[in-house]
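Written below as structure tokens is the structure these notes are about.
Any read-out appearing in this document is the output of simple, stated calculations on the displayed coordinates, not a laboratory observation. Note that the coordinates shown come from a computational prediction; the quantities given were computed from them, not determined experimentally. Here the Cβ positions follow ideal geometry from the backbone for every residue, glycine too, while neighbour counts run over all protein chains shown.
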Amino acid sequence: MDVSSANAMVKALAESAEKHQCLYHLIDHRETTFAFEMMDYYERPTVNAKLGISRLFRTAMVFSRLTAETAFMENVFRNRNYNLRHFDNIDEALSWLQQK
């Protein structure tokens, strides 16, 4: 996934979330290979906001393994008041999404 394909995915998610009035999202990236630079991760919250991602969303992202890049991205989003967490276990991600 590069920046362009990420933007297309995020825009589709935002449009679908609005259409279905859904604030909870599970994003499965277990088979995704990222072609991002560190600056791309840093800019994602700003880019995502422009594409329609709300701070009201509760988003669980699942990766095949957690890395320094996934940790950095999670920290960037959380520091900007997004309710987002990264997981390497889909059951834990679902459990977190279901917490009140």
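Some values worked out for this structure:
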item: Selection within segment 40-71 - hydrophobic (A, V, I, L, M, F, W, C) and either under 15 Å from residue 7 (Cα atoms) or in contact with a strand residue (DSSP E or B) (Cβ under 9 Å, 6 or more places away or on another chain) (or both); result: 47, 49, 51, 53, 56, 57, 60, 61, 62, 63, 66, 71
item: Count - residues of segment 35-57 that are within 24 Å of residue 94 (Cα to Cα) and surrounded by fewer than 17 Cβ atoms within 10 Å (Cβ to Cβ); result: 5
item: Search result, residues across segment 14-46 that are in a helix (DSSP H, G or I) and either in contact with a helix residue (DSSP H, G or I) (Cβ under 9 Å, 6 or more places away or on another chain) or basic (Lys, Arg) (or both); result: 14, 19, 38, 40, 41, 42, 43, 44, 45
item: Residue match in segment 70-86 (condition: in contact with a Pro (Cβ under 7 Å, 6 or more places away or on another chain), surrounded by 15 or more Cβ atoms within 10 Å (Cβ to Cβ), of a type outside the set (A, V, I, L, M, F, W, C) and without any contact (Cβ under 8 Å) to a residue 40 or more places away in the chain); result: yes
